[in-house]
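J.: To start, I am sharing the structure in question, which I have written as structure tokens.
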Amino acid sequence: MLIAGNWKMNTDVASGTKLASDIAKAAADADLGSVALAVCPPYVSLMPVGDALKGSGVALGAQNMHQEDGGAFTGEVSAAMLVSAGCTHVVLGHSERRQYFGESNHDIQQKVARARQNGLVPILCVGETKAERDAGDAKTVVEGQVRGGLADVPFDAPGDLVIAYEPVWAIGTGDTATPEQANEMHAFIRGLVADLYDKAFASDVHILYGGSMKPHNAEDLLSQPDVDGGLIGGASLDADSFIAIARHGAAIEAKA
Ligand code: 13P
């Protein structure tokens, strides 16, 4: 199981570094078994957060990157730069990037490919809007995002890819998908990954749920068979809440 925190555009260098050391400390005190943790702070905090996480086993990820290797792209950050700052993961295609910055499935596919070429694990985000779900189009939209985002990108091992199902209507709203809705979509996504790669690969790829996952609802969501972890927004900004979610994951894994 993987519990990852997407801090979005929250925290500054000082508060982000403090949050990272609180998470490292809380993770060390908790018995998390094989639950893996990652945090994705804003770019400016990557290096101090990485320092604060040293030796904790908590992985460092970024929230975005540019698809080109380098050059005249003012304001952008490349995959190699993220690696040089200590990142192992990168969130790609988050719905906020799609919605506010116009990222298309094609842009995201290029980023996923470039992330892999640089040894980063992409956390590919997919998910439908409320209108799309209400229109009965949720699976069609998610299928387009999964097939579009992964098109022709090779992966050596299932650990090289993470997919996050984040229904847009559940992000930051306090509404979550029901455990059944989440599991149904996760199983659907796993089937698509099996079709694109193979069954063994798909069965080991981590598919995370994201969208108002909190300590109080984490157990129900994480105990679904096709839910392999969470991508946490708001609740990842508090070390105790973040680790409380991870503890639910550890308790579920211990029972399995
Ligand atoms: P919330 O947990 O705040 O709903 O955010 C989810 C998310 O978008 C994580 O990437």
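None of the figures in this text is laboratory data; all of them are computed from the coordinates on show. Since we're looking at a predicted model, the values are computed, not measured. We place every Cβ from the backbone using ideal geometry, glycine too, and count neighbours over all the protein chains shown.
J.: How far, in nm, would the chain grow between K139 and K25 when pulled straight, counting 0.36 nm per residue and subtracting the alpha carbon separation?
T.: Details: separation 114, 0.36 × 114 = 41.04 nm, distance 3.98 nm.
Taking 0.36 nm per residue and subtracting the Cα distance, the gain is 37.1 nm.
J.: Within 10 Å of each residue's Cβ, count the other Cβ atoms and sort I252, I171 from fewest upward. Display every interim value, and only then the final one.
T.: Values: I252 19, I171 23.
The most exposed by this proxy come first: I252, I171.
J.: Which net charge results when you count Lys and Arg as +1 and Asp and Glu as -1 among the other residues whose beta-carbon is under 14 Å from that of Y197?
T.: Values: positive: R116, R147, R190, K199; negative: D152, D156, D160, D195, D198, D204.
Residues near Y197 contribute -2 overall.
J.: Which lysines have a Cα lying under 22 Å from the Cα of K199, excluding residues fewer than 8 positions away in the same chain?
T.: K139
J.: What is the dipole size for segment 1-79, taken about its Cα centre, with +1 at each Lys and Arg Cβ and -1 at each Asp and Glu Cβ, in debye to the nearest 20? If you can, show how the numbers build up before the last one.
T.: Numbers: 4 positive and 8 negative charges, 37 e Å.
The calculation lands at about 180 debye.
J.: Using the per-residue mean of other Cβ atoms lying within 10 Å as a proxy for protection, in what order, highest first, do the peptides 67-73, 42-48 fall? Let's see the in-between values first.
T.: Details: 67-73: 12.0, 42-48: 17.9.
Going from most to least packed, we get 42-48, 67-73.
J.: What three numbers, in Å, describe the spread of the alpha carbons of segment 128-218 along their principal axes, ordered from the longest?
T.: Here the spans come out as 37, 30, 19 Å, largest first.
J.: Calculate, in nm to one decimal, what S223 and F101 gain on full extension: separation in residues at 0.36 nm each, minus their alpha carbon distance.
T.: On the way: separation 122, 0.36 × 122 = 43.92 nm, distance 3.38 nm.
Stretched fully, the S223-F101 segment lengthens by 40.5 nm.
J.: Going by how many other Cβ atoms sit within 10 Å of their own, how do H206, H186, H216 line up, fewest first?
T.: Ascending Cβ contact count within 10 Å gives the list H216, H206, H186.
J.: Dipole of segment 1-112 (Lys/Arg Cβ +1, Asp/Glu Cβ -1, origin at the Cα centre): which of Q110, I3, H94 lies farthest to the positive side?
T.: I3
J.: Treating the chain as a set of equal point scatterers at the Cα positions, no solvent, please give the Debye-formula log₁₀ I(q)/I(0) at q = 0.15 Å⁻¹.
T.: Cα-only, vacuum Debye calculation for the chain: -1.04.
J.: Quick check on the exposure proxy: order V83, V112, V153 from fewest to most C-beta atoms within 10 angstrom.
T.: Numbers: V83 17, V112 25, V153 21.
Going from sparsest to densest Cβ surroundings: V83, V153, V112.
J.: Run the helix sum for the chain: -39,500 (n - 2.57) per DSSP H stretch of 4+ residues, divided by residue count, reported at 222 nm to the nearest 500 deg cm²/dmol.
T.: Details: 11 runs with 118 residues, N = 256.
Counting only the DSSP helices, I get -14000 deg cm²/dmol.
J.: Quick check for you: which residues of segment 73-102 have the amide N under 19 Å from the point 7 Å beyond the Cα of K130 toward its beta carbon?
T.: Counting only backbone N, you get 95-100.
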